[in-house]
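Notes for the one structure printed next.
The values are calculated or read from the model by the stated rules, or taken from the named source; none is laboratory data. A quick note: this is a predicted structure, and the numbers were derived from the prediction, not measured. As a convention, Cβ positions derive from the backbone with ideal geometry for all residues, glycine included, and neighbour counts pool all protein chains shown.
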Amino acid sequence: MINVPRLDIPDDKYKWWALGVTIIGGFMSILDTSIVNIALPKMMAVFSVDTTKAEWILTAYMLTMGVLQPATGFLCDTLGTRRIYLLSMAIFTVGSALCGIAWSNDSMIAFRVVQAVGGGVIVPVTMTIVYNVFSLKERNLALGIWGISAMVAPAVGPTLSGYLVEYWDWRLIFTINIPIGIVGYFLAALVLRESEIKSVGKFDYFGLITSAVGLFCLLLALTKGQEEGWTSAYILTLFYIACSCLALFITIELYHETPILDLTLFKDRNFSLSMLITFIGTIALYGGVFLMPLFLENLRGYTAMQTGIIMLPASIAAGVTMPLAGRLADKFGAKPVVLAGITILTLGSAPLMMVDMDTSVATIQIILLVRGIGMGLFMMPVSVLGMNNVPISKISRASSLNNVIRQISGSMGIAVLTTILQNRLIFNLAHNAEHINIASQASNNLLAYGEKVFMYAGSVPSAAYTKALALVNSLVQQQSYIFAFDDAFFCLVWITGSCLIFAVWLKSAKHHGGDTPVIME
C-alpha cells in the first residue's frame, strides 16, 4: 500500500469525513454485483462461450464475496479497519483494471475473483468504520446516509451498464472503476484513522475452512438450483456438503476462544430479531429487483436501459428516505420507524399482484416508489437497533455476520422466487391449455375473429388460419406468464409482510459498549 500522510481533521468533523470517503467504496462494491448482468450477452459473443460458461463471470464474484466476508471481522481486529479498507480498495481497483483487459472467459472469471476479494471485504469494513466512529445517538442518521449506496447502486447498475454497452464499450463497466477507485483510495488514506489493534489469540483456521466450503456450496446450490434441478444429484450433494460444513462450523465457533464469527451474539434478543428481519427484508429487496426487470423486459419489451430508468426513481426514493429514517428513529425510536417501513413496503408491494400488459409505466413507477420508501424506512434502523446492543469490541464481528446474512438471503430470495415463477408458469400453461383449446367456444370465436383480420389484411384463408392459431397460442403463453409473475409477486408480498411478526417483538436496546466511539490515531 502507498503511504499517504493523513489530514489533521478535528474530531467533531472526522466522523463525517470518514463516512463520506467510505461511501465511495461501498457504492463501487455493490454496483459491481449488478452492473455486469446487462453486458453478459456481449461478453458471450466476444469470448465465444455459451450461457453456462459465461454465468460464472457473475457466480465467481458472488461466491468469492460470500466466502470472504466471515473473516472480515478478524482482519479488522488484528490489522485495523483503515489498513483493511485501503487494501480492499486497492485490490478491487486492480481487479477492475484486469477485468477490463480480459482476453477470454477464463481470464475474466479469474480477474472477477480478484475483484471480489477486494469488493467482498469493502462493505463489512465500511459498516464497521461507521459504527466505530459514530456515537449511539448518531448511528441511525449515519447508517441512513451510508445506506444510500446500498439502495441506489443495484438500480443504477443496469442503467449505467445498458448505456455503456449500447453507446460506448462494454469494457468500460470495469475500467470506469479505475479512476474512482484511485480517488477513493487516496481520499481514504488522507482521511481515515486507524482503529484499535487487538490481540485476539489463535486464528480460527478450521472455522474459516468450514465456513468457506459451507457458504460456497450453499450459494452455488442456490444459484444453480433452477438450472440444474433442485432434486438433481449435483444440487443435493451441494446442499448436503453445505449443511454438514455449516453444522461443523457452528460447533467450532461455539467452542473456539476466538471464533471468526461470534455466534454468541445471537443470545441477544434484539440482535437475533434484527438479523431475522434483515434476512427476510433482503429477500424482499432482491426479489423485487429481480422480478420487475424480468417482467418489464421479457413481457413488456423494454430494453435494459429503459427498465433501469423506470426503476431508478424507486431507488432514489429509498436513498432519500434513509437519512430521514435515521432522524425519525432518533426522535421517535427505531421500532416505530421499522414497523412503519415494513407496513408501507408490504402495502406498496400488494398492487404488484395485479400488474399486466395494460398497467401504465407511471403506475408501475408509483408502486415501486412506495416500495422504495418502505425499504428506505426500515432497512437501516433495524440493523442499528440490533447492533446497538453489541459491545464496541465486537462490532467488527457483528458487521461481518450481518453481511454474511445479507449475502445468503439475497441469493436465497432470487432462487426461491425463480423457482416459484417457473413452477407457476408451468401450472398456468397447463391450466390455460385445458380451458383454451380447439374444442372451446371461446377459442373458436377468437380464431374466427383472427382469421378474418388476417384475411382482411391480404392473407389467403389457410395462411390466415395458421396466423390466427399462432396468435391465440402467443396470447395463451403471454397470459400464463402474467399469471406466473402475479403469483410470484403474491408470494413476495407475504414474505415481506412476515417481517411484521418479528418486528413487533423488538424492544428498546440498551448499549453495553459505551456511547463514545473508539477512534485511534
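Observations on the structure shown:
- Summed over the range 259-278, residues that are of a type outside the set (Gly, Ala, Ser), in a helix (DSSP H, G or I) and crowded, with 18+ Cβ neighbours inside 10 Å total 8.
- Residues in the range 481-507 that are charged (D, E, K, R) and over 23 Å from PHE427 (Cβ atoms): LYS507 only.
- The one condition in (1) more than 29 Å from VAL133 (Cβ to Cβ); (2) not charged (D, E, K, R); (3) not in a helix (DSSP H, G or I) that SER34 fails to fulfil: (1)
Yes/no per residue for (1) over 30 Å from SER199 (Cα atoms); (2) free of Cβ contacts under 8 Å to residues at least 24 places away in the same chain:
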position	(1), (2)
LEU265	no, no
LEU285	yes, no
THR303	yes, no
ALA318	yes, no
PHE332	yes, yes
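- In the range 222-245, residue nearest to ILE420 (Cα to Cα) [restricted to those that are aliphatic (A, V, I, L, M) and surrounded by 13 or more Cβ atoms within 10 Å (Cβ to Cβ)]: LEU222
- Which numbered condition ILE366 fails, given (1) touching a Pro at 6+ places or on another chain (Cβ under 8 Å); (2) without any contact (Cβ under 8 Å) to a residue 12 or more places away in the chain: (1)
- Of all the listed residues (LEU40, LEU58), the sole one being within 17 Å of the chain's Cα centre (by Cα), of a type outside the set (Val, Ile, Thr) and surrounded by fewer than 22 Cβ atoms within 10 Å (Cβ to Cβ) is LEU58.
- Every residue from the range 237-274 that is farther than 12 Å from LEU208 by Cα, among the β-branched types (Val, Ile, Thr) and modelled with pLDDT of 90 or more: THR237, ILE241, THR251
- Inspection of the range 207-220 identifies at least one residue that is surrounded by 14 or more Cβ atoms within 10 Å (Cβ to Cβ), more than 25 Å from the chain's Cα centre (by Cα) and modelled with pLDDT of 85 or more.
- For the condition modelled with pLDDT under 85, within 29 Å of GLY376 (Cα to Cα) and either outside the structural domain of THR210 (by TED's automatic domain parsing) or in contact with a helix residue (DSSP H, G or I) (Cβ under 6 Å, 6 or more places away or on another chain) (or both), THR307 qualifies.
- Selection from the range 359-409 of residues that are polar (S, T, N, Q), crowded, with 20+ Cβ neighbours inside 10 Å and assigned to a helix (DSSP H, G or I): SER383, SER396, SER399, SER400, ASN402, ASN403, GLN407, SER409
- Scanning the range 1-55 for residues that are closer than 30 Å to GLU297 by Cβ and among the polar types (S, T, N, Q) turns up SER29, THR33, SER34, ASN37, SER48, THR51, THR52.
- Test: LEU86 is modelled with pLDDT under 85 and either assigned by TED's automatic domain parsing to the domain that holds GLY25 or of a type in the set (Phe, Trp, Tyr) (or both): no
- Some residue of the range 196-204 being surrounded by fewer than 21 Cβ atoms within 10 Å (Cβ to Cβ) and polar (S, T, N, Q): yes
- When VAL289 is tested against the conditions (1) outside the structural domain of LEU377 (by TED's automatic domain parsing); (2) within 21 Å of the chain's Cα centre (by Cα), the lone failure is (1).
- Test: LEU238 is among the aliphatic types (A, V, I, L, M) and not assigned by TED's automatic domain parsing to the domain that holds SER498: yes
- Applying the criterion of being of a type in the set (S, T, N, Q) and at pLDDT 65 or above to the residues of the range 474-521, the residue that is surrounded by the most Cβ atoms within 10 Å (Cβ to Cβ) is THR496.
- Entirely in the range 65-143, the helices (runs of 4 or more DSSP H) that have 3 or more residues that are without any contact (Cβ under 8 Å) to a residue 24 or more places away in the chain: 105-133
- Contact map, the range 24-47: residues that are assigned by TED's automatic domain parsing to the domain that holds LEU58 paired with residues that are surrounded by fewer than 20 Cβ atoms within 10 Å (Cβ to Cβ) and not in a helix (DSSP H, G or I), Cβ distance under 6 Å, separation 6+ or inter-chain. Pairs shown: PHE47/SER104.
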